[in-house]
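Reading through the structure tokens given below for one structure.
The values are calculated or read from the model by the stated rules, or taken from the named source; none is laboratory data. Note that the coordinates shown come from a computational prediction; the quantities given were computed from them, not determined experimentally. All Cβ positions, even for glycine, are placed from backbone atoms using ideal geometry, and neighbour counts span all protein chains on display. Calculation scope for accessible area: heavy atoms of the full protein, side chains included, ligands and nucleic acids excluded. Shrake-Rupley method; radii C 1.70, N 1.55, O 1.52, S 1.80 Å.
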Amino acid sequence: MIRRSSRRTVARRTLIGALVLLLPAIAGCEAGTDAPTLEFHPANAGADTVFNGIRISDAFVLGAPVGSLSAGSSASMFLSLFNTGPGDDQLMSASAPGWAASVQLSGGTVSVPVNTDVDLSGPQPSVVLSNLTKPVEGGVAIPVTLDFQHAGSVTLEVPVQPQADYFSTYSPPPSPTPSATASASPKSSTKASATASATPTA
């Protein structure tokens, strides 16, 4: 009797173990081709850091679909900010020395209230690297310095991602509008010459 009960216990444990191993496979089959595990989940594409209460997430520069952005052109930069500090802060300016002549922020500055997520990921770029000083292609990293009013300055190595596949939905910076030059043609001025002839009266 003892041997039979022990055999039954071992058989039950084996059966339970086999069912536990089969459950994930059965669940995957039931989900079919729309299973969440089969969906494309891109890895974090950008640079991340936490600096003096400011969390900077997924910062990257958008490159060209193929090849490189030429010197003199502009490039979009995308990132997210979260303020975990004691009070409100503000992104005052940004720079990319050696890569861009200037970096423009939409509105001049970006408010970063406390405990608030500030998403600067488009669709139109809020940060633009203008007048690139050298060609920029996917795979390189650009040192970008962000200057906050209270947190201070922090420099990130921001990767460049080609505008392809997952990144094809991101927008490049708008093309600069040509400045309208008003050409004023000189108008012909008519000179009126008045001649007064005085005749002496007797």
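Out of segment 132-148, which residues are within 21 Å of S93 (Cβ to Cβ) and either open to solvent by less than 40 Å² (accessible area, probe 1.4 Å) or not charged (D, E, K, R) (or both)?
L132, T133, V136, A141, I142, P143, V144, T145, L146, F148
Is it the case that some residue within segment 40-52 is assigned to a loop (DSSP other than H, G, I, E, B), open to solvent by 100 Å² or more (accessible area, probe 1.4 Å) and at pLDDT below 50?
Of the residues in segment 40-52, the ones assigned to a loop (DSSP other than H, G, I, E, B) are 40-46, 52.
Next, only the ones that are open to solvent by 100 Å² or more (accessible area, probe 1.4 Å) stay: 40-41, 52.
Cutting the leftovers down to at pLDDT below 50 gives us 40-41.
Yes - at least one qualifying residue is present in segment 40-52.
Results for (1) within 15 Å of G46 (Cα to Cα); (2) at pLDDT 95 or above; (3) β-branched (V, I, T); (4) surrounded by 14 or more Cβ atoms within 10 Å (Cβ to Cβ), shown as yes or no for each residue.
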| site | (1), (2), (3), (4) |
| --- | --- |
| S80 | yes, yes, no, yes |
| G85 | no, no, no, yes |
| S95 | no, yes, no, yes |
| G107 | no, no, no, no |
| V110 | no, yes, yes, yes |
| H150 | no, yes, no, yes |
| V154 | no, yes, yes, yes |
| P159 | yes, yes, no, yes |
| Q163 | yes, no, no, yes |
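Quick one: would you say A94 is more than 18 Å from E157 (Cα to Cα) and in contact with an Asp or Glu (Cβ under 9 Å, 6 or more places away or on another chain)?
In short, no.
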